[in-house]
Amino acid sequence: MGIFKRSFRRDSLAQFAKADAHLKRVLDTKDLVALGIGTVIGTGIFILPGTEAAQDAGPAVAISFLIAAIISGISGMAYAEFASAMPVAGSAYSYGSVVYGQVVGWFLGWSLILEYFLATSAVSVGFSSYLGGLFKTNHIHGFDSWLAGPLEGGIVNLPAVILLLTILAIQMIGLSTTRWVENIFVAIKLVILAMFIVVGIFFIKPGNYIPFYPKEFQSGPFGLSGIWAATSGIFFAFIGFDTLAAHTAEVKKPKTQMAHGIIYTVLIAAVLYTLFAIVLTGMVNYKQLNVSDPASFAFTYVGQKGLSSIIGIGSMIGMFTGVLALVFASSRLIYSFGRDGLLPKFLGRISGSQHVPFNALLIAGIIEIVLAGAVPLSELASLISAGTLAAFTFVNFGILPLRKRADINNADGFQVPGYPVVPIIGGLTSLFFITQLKQETLVMFAIWTIIGLAVYFFYGIRHSKLQQDNA
């Protein structure tokens, strides 16, 4: 059989399930919502509303967040159906391997590796930015060289590195500890967000909403290019339920709890993001929001330095939970590659009494620490939405072949309503927003894809368990 046909062989769901049997099923709906909110409401809400308002949409960034939430909600339902039908680790990688063929699954997994690694590092750098803002607000100086990587004129982004080392240590202890820490910190973060929204309302100046959608952003068809550009960049904020799907093999009742966890995450995030963007752009004119710590900056701007410090600390707690969930997801994805032989098999081993993929966790952590310590947030964030949207596209369209698989029984699980119209809409809109990304982002994503395909055809296909079992 030719290499092209071999690459489109489809993996067996039963084989994935057997390989994941050593993972402990300890997560429930509450834990999934905490993990989802922990990821979604991180750097996405604490940085993106400011930068996207300043660079692309003005106060209309709130509309961009709402659009992104609706499309992410459709994609979230597609993920929920896949997780219900295929309760295995690997997220879109495993789904693609079963319904499209191994090479498509690899492409999606390779895209998700990019997404998880860069998102983890970007959130860590965002954590450091808020710490730097906290220092300035309280007149603490002399640490600038340790708050930025060498590409920004610093030595190393030390807070980002320490954050990742701490989270790596927590995750190596085991999932029970990770779950406990995540749940507590997510609760604190939601309180801080509620404080920002409720207190911030009293500092809104209606004049800051005029013009709501500034003319300098009104280009392209119907003048909506600015809103589309902001929306495409915002998808970075909605990777939380994608990471949830990576944990399916560790969920007690995946057929019901995965769907609840994903849908509740999207709904909560949609409301909080939209309200946050409305309050932020009402407190400060959009032209002044191109900063790395807009939540703290807003209260400093209106003369409330005490509140600024509280919001800054709360934002850092929020980012801590985001990094915790992302490191978790990235390690499980690398574990899945090792499990299936597409990367060295030592990455697919489960270690210790807590049944943690220690090797995969260590490799993921090292790469993310290097990126966070050396690379600026702007460079990290530019590619994340590309990987997110690529996964959204294939997962939405993948519902069509999934429903036709007689060997995958999901009659008693969650199914996307409005089939086949809703998943097709989700796939087409995700594809559209890929075209709205900046050209340099698309070029870098294409280069990453080419590298990934080279790894697959020169290593993965030769060592894959699927190919060896069918030789």
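Residues of the range 397-424 that are in contact (Cβ under 8 Å) with a residue 40 or more places away in the chain, aliphatic (A, V, I, L, M), part of a loop (DSSP other than H, G, I, E, B) and surrounded by fewer than 18 Cβ atoms within 10 Å (Cβ to Cβ): I408 alone. Here I63 clears all of (1) under 17 Å from the mean Cα position of the chain (by Cα); (2) aliphatic (A, V, I, L, M); (3) surrounded by fewer than 24 Cβ atoms within 10 Å (Cβ to Cβ) except the condition numbered (1). All conditions but one from (1) over 26 Å from A119 (Cβ atoms); (2) of a type outside the set (V, I, T); (3) open to solvent by less than 40 Å² (accessible area, probe 1.4 Å) apply to A295; the one that does not is (1). Surrounded by 23 or more Cβ atoms within 10 Å (Cβ to Cβ) and within 17 Å of I67 (Cα to Cα): does that describe G312? The answer is no for G312. A Cβ distance below 6 Å, combined with a sequence gap of six or more or placement on separate chains, defines the contacts here; from the range 215-226, residues that are closer than 18 Å to P59 by Cβ reach residues that are part of a loop (DSSP other than H, G, I, E, B) and among the polar types (S, T, N, Q) in the pairs S225/S219. Residue check: G427 meets all listed conditions (1) in contact (Cβ under 8 Å) with a residue 24 or more places away in the chain; (2) over 24 Å from S64 (Cα atoms); (3) of a type outside the set (S, T, N, Q) but one, namely (2). For the range 70-88, the set of residues classified as of a type in the set (G, A, S) and buried (at least 24 other Cβ atoms within 10 Å of the Cβ) consists of S72, S75, G76, A78, A80, A83, A85, listed by residue number. Check the range 247-262 and report whether any residue there is of a type outside the set (D, E, K, R), out of contact with any Asp or Glu (no Cβ under 7 Å at 6 or more places or on another chain) and closer than 20 Å to S64 by Cα. Checked the range 247-262: no residue is of a type outside the set (D, E, K, R), out of contact with any Asp or Glu (no Cβ under 7 Å at 6 or more places or on another chain) and closer than 20 Å to S64 by Cα. Of the listed requirements (1) in a helix (DSSP H, G or I); (2) over 20 Å from L400 (Cβ atoms), F107 misses just one: (2).
All conditions but one from (1) over 17 Å from the mean Cα position of the chain (by Cα); (2) open to solvent by 10 Å² or more (accessible area, probe 1.4 Å); (3) among the hydroxyl-bearing types (S, T, Y) apply to T281; the one that does not is (2).
Of everything in the range 430-464, what is among the polar types (S, T, N, Q), open to solvent by less than 40 Å² (accessible area, probe 1.4 Å) and within 24 Å of the chain's Cα centre (by Cα)? Give them in sequence order. Explain how you work it out, then say what you get.
At the first step, the residues of the range 430-464 found to be among the polar types (S, T, N, Q) are 430, 435-436, 439, 441, 449, 464.
Remaining after also requiring open to solvent by less than 40 Å² (accessible area, probe 1.4 Å): 430, 441, 449, 464.
Scanning the range 430-464 gives S430, T441, T449.
Filtered by the rule that a residue be in contact (Cβ under 8 Å) with a residue 60 or more places away in the chain, in contact with a Pro (Cβ under 7 Å, 6 or more places away or on another chain) and open to solvent by less than 40 Å² (accessible area, probe 1.4 Å), the range 333-374 gives Y335, A374.
From the residues in the range 97-152 that are of a type in the set (S, T, N, Q) and within 30 Å of S308 (Cα to Cα), which one is most open to solvent (accessible area, probe 1.4 Å)?
So in the range 97-152, the residues of a type in the set (S, T, N, Q) come out as 97, 102, 111, 120-121, 124, 128-129, 137-138, 145.
Keeping just the survivors that are within 30 Å of S308 (Cα to Cα) gives 120-121, 124, 128-129, 137-138, 145.
Working: T120: 0, S121: 0, S124: 0, S128: 3, S129: 30, T137: 24, N138: 79, S145: 53 Å².
Restricting to residues being of a type in the set (S, T, N, Q) and within 30 Å of S308 (Cα to Cα), the top hit is N138.
The values are calculated or read from the model by the stated rules, or taken from the named source; none is laboratory data. Fair warning: this is a prediction, and the values are worked out from it, not measured in the lab. Cβ sites come from the backbone with ideal geometry, for glycine too, and all protein chains shown count toward neighbours. Heavy atoms of the whole protein, side chains included, go into the accessibility calculation; ligands, DNA and RNA do not. Shrake-Rupley method; radii C 1.70, N 1.55, O 1.52, S 1.80 Å.
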